[in-house]
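No lab work stands behind these numbers, since they all come straight from the coordinates. Quick caveat, the model's predicted, so the values are computed rather than measured. Glycine gets a Cβ as well: all are built from the backbone with ideal geometry, and neighbour counts include every protein chain shown.
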Ligand SMILES: *[C@@H]1O[C@H](CO)[C@@H](O)[C@H](O)[C@H]1NC(C)=O
């Protein structure tokens, strides 16, 4: 019993002096160490604890546009006219083109014929009183009336006159001047785990610089003021073409920070890309548009509205990033995992020695000692 207790078990080690196995052994060891140091520590910074960014974004667009159309005459557009709605979360919409239908009142007028001419008629019998079709513009009265000299359509009760479908979308877009609008993007970020705050108006930026700077990736990468044309062309698009039918552009702000380095090295990187589909092959329903109206009353108390089908570009600001800072726990975890990999070396080398070497049987004899049943053993000893 005491013999059992006062014992220490230690594995016997078989050293194989072979150039072949020795080389394989060192090679695999070197690979694993290179992986742990090069990839895990240097490249992936496995000694750091990481946290992902939380952020807030506010934007302010500036610029004036001038239009001269037969409907409206000479008209100046300022921020309150073309930014819809005035405030959005991490995003802003700039109106660039529109179809305006002024002086609409609740009255009767002929339905527009429609692309597949579904509203054309030859007599009152073709129209159904009270029909409300989702694709129509109003409630049918049951009369068939002249739409123009050649075409007759069903009459509807609606906001009349109706928006014309065959308005030719003039090129350039109505607010072509929008390409020179600027936007100030203010972005505050925080890495809560490390109690680290920063904003994209960097500490060295002065009030004076901010009044005249314009972002440019090569010459002025710290300026948080962008021209819309620059954003759109950085997303590989042409502003005037995109402004015709509208679209969605993503402004990506990446904050990748190594907080073991000075805080001034942690700066935002901007990139831009188009988010909606502009594939010319399958371009059904392209662009981005919506309708809105401005309501007023005439002197004799009739409610009148101006309908606007607005086309424009929505800019979505997306903030992402990861920060890392030295921490003992992830470091030990990563080094531990790396060292555990060294166990693979023994498995591989044993396999080579016992399978491929010429003297594999001799090695096997040396490696494994066989002990027979103790009963038999004591018998032979006697
Ligand atoms: C935008 O500004 C540039 C330079 O000031 C000018 O050449 C260009 O005509 C402007 N674009 C529009 C559409 O007015």
Check: Once both axes come from the Cα atoms, what is the angle between helix 19-34 and the longest principal axis of the chain, in degrees from 0 to 90, rounded to 10?
Finding: 40
Item checked: Additional length obtainable on full extension of the chain from residue 17 to residue 197, 0.36 nm per residue less Cα span -> 58.9 nm
Check: Of all DSSP beta bridges located in region 193-349, what percent are antiparallel, nearest 5?
Finding: 60
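Quick check on the exposure proxy: order 355, 241, 96 from fewest to most C-beta atoms within 10 angstrom.
Exposure proxy ranking, most exposed first: 355, 241, 96.
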Next item on the list: Note down the nm distance, to one decimal, between modelled labels 7 Å out along Cα→Cβ at residue 149 and at residue 236.
Entry: 5.0
Checklist line | Computed helical MRE - 222 nm, the chain, DSSP H runs ≥ 4 contributing -39500 (n - 2.57), nearest 500 | finding: -6500 deg cm²/dmol
Next item on the list: Over the Cα atoms of region 97-220, compute the convex hull volume and normalise it per residue, giving Å³.
Entry: 252
Margin query: Please compute the length gained on full extension between residue 184 and residue 88, using 0.36 nm multiplied by the number of residues separating them and subtracting their Cα-Cα distance.
Written below: 33.1 nm
Margin query: With the crude spin-label approximation of a point 7 Å out along Cα→Cβ, what separation in nm comes out for residue 208 versus residue 264?
Written below: 1.9
Note to self: Taking the beta-carbon count within 10 Å as an exposure proxy, list 199, 135 from fewest neighbours to most.
What the structure shows: 135, 199
Next item on the list: Mind checking the full-extension length gain between residue 296 and residue 8? Use 0.36 nm per residue of separation minus the Cα-Cα distance, one decimal, nm.
Entry: 93.9 nm
Note to self: Can you compute the FRET efficiency between residue 373 and residue 350 using 1/(1 + (r/R0)^6), with r the Cβ-Cβ distance and R0 = 25 Å? Round to the nearest 0.05.
What the structure shows: 0.40
Checklist line | Between helix 328-341 and the chain: long-axis angle, C-alpha atoms, 0 to 90°, nearest 10 | finding: 60
Item checked: Packing-based exposure ordering (other Cβ within 10 Å, fewest first) of 306, 153, 10, 219 -> 10, 219, 306, 153
